[in-house]
DNA sequence: ATCCAGTACGTTTTT
DNA sequence: CGTACTGGAT
């Protein structure tokens, strides 16, 4: 095999000494502590290139990223340096799947397993609860599912978990967990956690397997190591025994997935786990302005459970970080969109320069309507939303059942969709026939003649369903989009939607057509990819994976999704106590610290301009509440942070209209600068130029506490405007905005 | 079996 | 506020 020789200068150029050191490190464990914007992706990519240049076969290199999007980007960057390098780059979960599909039979696993998502798992837990006859009034299936997930993240199998179950809830979970597992095996399904748990346990228990895989992946690189859980840790360790060339990259300050089982100890204890590990810290930030970085640093230093890490940048100071207060959520959304639109219209920015972050998904709604109302292009980065629509889930369930006839969850979903006269009671009969015989629901349906309880319409319905599935299975070798088309036509799904007069159903049909397009494109990109790959891709897709960063759109996403990204202008909305930090985290310090890290992640995404917003009144699930600004706002530095109060909306607007007529030229200038008229008016007022309270030197004012005095000095602007007043008892300074004064006489 | 209406419910973050 | 499930009527 010949490879184009690679000149080290092509990838070593423009690296800092620390980055260079990390790239040049060859064998042995390596920990790279990489602050935000320190070029870690670049370092990983260059390291891969360097390893290959030094003679390591690409086949022996494994790079693990946090999202598929990151994996694709890294693949492209490696390909730019080394075309067709063939390095294995994927997420932990995708890696798990590939390992399990490859070594399936060795692990007593059918390699055609289906991956169950959150919703599927909950259904499975429900089925397990039914089967065990546990009254599920007490705990929701979701809660139990969460506990099972947590157990799996800690590598606890059902029997091990049972040993740890002390309280009543854990004991219920301990009862459900083995049943859930049994059903999962019967359905030939694995959940997200299994994709890590199975490889982790196999590496632990099967030394031959471990040695083989370790020898295969001699150089392992793991990004976002601070967010790995116990299973991922076990995999990393298992792959680094005989060939301990493990390179992990992460930042403890950006660990935000503790709730999902991530263990920050993995990165903090790396040096203990690998005593001969080399540690390199990348602390120079190439992303943000000095002001933004200082603001973020000023917040994160409040975490007590933290190793101090200086952040510095050679970038310019830049403009101030803005803390904006609005009256309510609608105002917040409208004003932000307005500012974005103004900046784009003035030619300073493009829409894709902007991102809006929020703590919870529920907050996207108001932004969505503001964007639509003002006709500003945007993308809500919530990748799965499209595939989670009922019609698409139905079609996908058909596909899953075709590939894995034992997939009972999918069977239940579609057996009567479109309607075939198979109701709840028939399904119960079918289940009670299948259960003791160890049959899948589809297999049981094939024997419907042997089930006396099911007759008439239900029996014929089930029979025709079985025949339908057999028919459709013949098309499995066709292209993914063709299979979907066949499903759509032969199941009568298309007919059902077409026959309906509902507008909504026509839309549903259009959505399925879009699904077909997605499948076709998926296959066209790489025609070795199968239908199974398509389904897997959808299930393992993360939120950011569905985001097209080339489109000229404003990106709207959760703080979690924002990890690893950067934008010229960032708006972080709803920075209010209870939302950020979230109320569910307020009870203990460790959780608040994770919220602070989340805030830190958000703040450090901004390159040039950072805006943090909060409102006076927040409407949430129909209730309007007064808010308290986020505790993190008070942790921002005084310097370089400008506070603007843009609330008291309704009055302002009327006044602003009046103002516009008076000073159209001036207002245009401000408007073009991205400021709305209300802000303009307010600033003018504060500065003493407009109507309302304007303080000038020499004025006589009355203070509610100190009595009458004379203004001796006026300085600063906006919220920082200060006045000095000489009272009979002496001189005092006030913040103009805050001081309770009445003007008594103008000079 | 299916449809509809009314209510109960719970709401962080996600591979 | 919205969804999801229940229970009743057809």
* Can you name every residue in region A:542-561 that is under 26 Å from residue A:618 (Cβ atoms) and either within 9 Å of DNA strand B (Cβ to nearest atom) or modelled with pLDDT under 90 (or both)? -> A:543, A:557, A:558, A:559, A:560, A:561
* **Unique match (being within 18 Å of residue A:403 (Cβ to Cβ) and within 11 Å of DNA strand B (Cβ to nearest atom)) among A:539, A:530** => A:539
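A quick yes/no check of all residues on (1) modelled with pLDDT under 85; (2) within 30 Å of residue A:427 (Cα to Cα):
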{"site": "A:103", "(1), (2)": "no, no"}
{"site": "A:119", "(1), (2)": "no, yes"}
{"site": "A:133", "(1), (2)": "yes, yes"}
{"site": "A:139", "(1), (2)": "yes, yes"}
{"site": "A:147", "(1), (2)": "no, yes"}
{"site": "A:163", "(1), (2)": "no, no"}
{"site": "A:171", "(1), (2)": "no, yes"}
{"site": "A:178", "(1), (2)": "no, yes"}
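Run down A:294, A:343, A:333, A:317 and say which single residue is crowded, with 19+ Cβ neighbours inside 10 Å and touching a helix residue (DSSP H, G or I) at 6+ places or on another chain (Cβ under 7 Å).
Numbers: A:294 fails: touching a helix residue (DSSP H, G or I) at 6+ places or on another chain (Cβ under 7 Å); A:343 fails: touching a helix residue (DSSP H, G or I) at 6+ places or on another chain (Cβ under 7 Å); A:317 fails: crowded, with 19+ Cβ neighbours inside 10 Å.
When all the criteria are applied, what remains is A:333.
Yes/no matrix, rows are residues, columns are (1) more than 22 Å from the chain's Cα centre (by Cα); (2) away from DNA strand C (no atom under 16 Å from the Cβ):
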{"site": "A:339", "(1), (2)": "yes, yes"}
{"site": "A:342", "(1), (2)": "yes, yes"}
{"site": "A:345", "(1), (2)": "yes, yes"}
{"site": "A:352", "(1), (2)": "no, yes"}
{"site": "A:365", "(1), (2)": "no, no"}
{"site": "A:375", "(1), (2)": "yes, yes"}
{"site": "A:393", "(1), (2)": "no, no"}
* Report the residue count in region A:313-328 for those that are assigned to a strand (DSSP E or B) and within 17 Å of residue A:36 (Cβ to Cβ). => 2
* Structure fact -> The condition from (1) more than 26 Å from residue A:640 (Cβ to Cβ); (2) surrounded by fewer than 23 Cβ atoms within 10 Å (Cβ to Cβ); (3) at pLDDT 95 or above that residue A:258 misses is numbered (3)
* To do: Go through region A:621-631 and give me each residue that's more than 25 Å from residue A:306 (Cβ to Cβ), more than 16 Å from DNA strand C (Cβ to nearest atom) and part of a strand (DSSP E or B).
  => A:626
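Identify, please: which residue in region A:380-405 is part of a loop (DSSP other than H, G, I, E, B) and touching a strand residue (DSSP E or B) at 6+ places or on another chain (Cβ under 8 Å) and is, among those, nearest to residue A:557 (Cα to Cα)?
In the first step, residues of region A:380-405 are kept if they are part of a loop (DSSP other than H, G, I, E, B); the result is A:381-382, A:387-389, A:404-405.
Filter again for touching a strand residue (DSSP E or B) at 6+ places or on another chain (Cβ under 8 Å), leaving A:381-382, A:404.
Working: A:381: 5, A:382: 7, A:404: 34 Å.
That would be A:381.
Considering A:86, A:28, A:96, which residue is closer than 29 Å to residue A:200 by Cα, touching a residue at least 40 places away in the same chain (Cβ under 8 Å) and assigned to a loop (DSSP other than H, G, I, E, B)? Show your work before the answer.
Working: A:86 fails: touching a residue at least 40 places away in the same chain (Cβ under 8 Å); A:96 fails: assigned to a loop (DSSP other than H, G, I, E, B).
It is A:28.
For residues in region A:139-172 being more than 16 Å from DNA strand B (Cβ to nearest atom) and surrounded by 16 or more Cβ atoms within 10 Å (Cβ to Cβ), which is nearest to residue A:540 (Cα to Cα)?
Keep residues of region A:139-172 that are more than 16 Å from DNA strand B (Cβ to nearest atom), which gives A:156-168, A:170-171.
Then drop every residue that is not surrounded by 16 or more Cβ atoms within 10 Å (Cβ to Cβ), which leaves A:156, A:158, A:161-162, A:165, A:170.
Working: A:156: 23, A:158: 25, A:161: 27, A:162: 30, A:165: 31, A:170: 29 Å.
Looking at residues that are more than 16 Å from DNA strand B (Cβ to nearest atom) and surrounded by 16 or more Cβ atoms within 10 Å (Cβ to Cβ), I get A:156.
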* Asked: List pairs: first in region A:618-647 and touching a residue at least 60 places away in the same chain (Cβ under 8 Å), second within 16 Å of DNA strand B (Cβ to nearest atom) and in a strand (DSSP E or B), Cβ under 6 Å, 6+ apart or cross-chain?
  -> A:618/A:625
* Among the residues of region A:410-446 satisfying the criterion of being touching a residue at least 40 places away in the same chain (Cβ under 8 Å) and more than 16 Å from DNA strand B (Cβ to nearest atom), which is nearest to residue A:464 (Cα to Cα)? -> A:442
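Of all residues in region A:608-626, how many are within 16 Å of DNA strand B (Cβ to nearest atom) and either touching a helix residue (DSSP H, G or I) at 6+ places or on another chain (Cβ under 9 Å) or closer than 19 Å to residue A:357 by Cα (or both)?
As a first pass, look at region A:608-626 and keep what is within 16 Å of DNA strand B (Cβ to nearest atom): A:618-625.
Filter again for either touching a helix residue (DSSP H, G or I) at 6+ places or on another chain (Cβ under 9 Å) or closer than 19 Å to residue A:357 by Cα (or both), leaving A:618-621.
Of the residues in that region, 4 qualify.
Among the residues of region A:357-379, write down those that are in a strand (DSSP E or B) and touching a helix residue (DSSP H, G or I) at 6+ places or on another chain (Cβ under 6 Å). Spell out the reasoning first.
Initially, region A:357-379 is screened for residues in a strand (DSSP E or B), giving A:357-358, A:378-379.
Once the filter is applied, which keeps residues that are in a strand (DSSP E or B) and touching a helix residue (DSSP H, G or I) at 6+ places or on another chain (Cβ under 6 Å), region A:357-379 yields A:357, A:378.
Please go through region A:432-442 and give me each residue that is closer than 14 Å to residue A:411 by Cα and touching a helix residue (DSSP H, G or I) at 6+ places or on another chain (Cβ under 7 Å), ordered by number. Lay out the reasoning, then the answer.
Residues of region A:432-442 that are closer than 14 Å to residue A:411 by Cα, as a first pass: A:434, A:439-442.
The answer is A:434, A:440, A:441, A:442.
For the condition buried (at least 16 other Cβ atoms within 10 Å of the Cβ) and more than 14 Å from DNA strand C (Cβ to nearest atom), what is the one hit in A:188, A:112?
A:188
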* Asked: So residue A:74 fits all but one of (1) within 22 Å of residue A:195 (Cβ to Cβ); (2) free of Cβ contacts under 8 Å to residues at least 24 places away in the same chain; (3) part of a helix (DSSP H, G or I); (4) away from DNA strand C (no atom under 16 Å from the Cβ); what number is the exception?
  -> (2)
* Close pairs from region A:117-131: first under 17 Å from residue A:93 (Cβ atoms), partner away from DNA strand C (no atom under 12 Å from the Cβ) and in a helix (DSSP H, G or I), Cβ under 6 Å, at least 6 apart -> A:117/A:539; A:120/A:409; A:121/A:145
* **Residue identified as surrounded by fewer than 20 Cβ atoms within 10 Å (Cβ to Cβ) and over 17 Å from the mean Cα position of the chain (by Cα) among A:586, A:610, A:646** => A:586
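The values are calculated or read from the model by the stated rules, or taken from the named source; none is laboratory data. Nothing here was measured: the structure is a model prediction, and the numbers come from that model. Cβ: placed from backbone, ideal geometry, glycine included. Neighbour counts: every protein chain shown.
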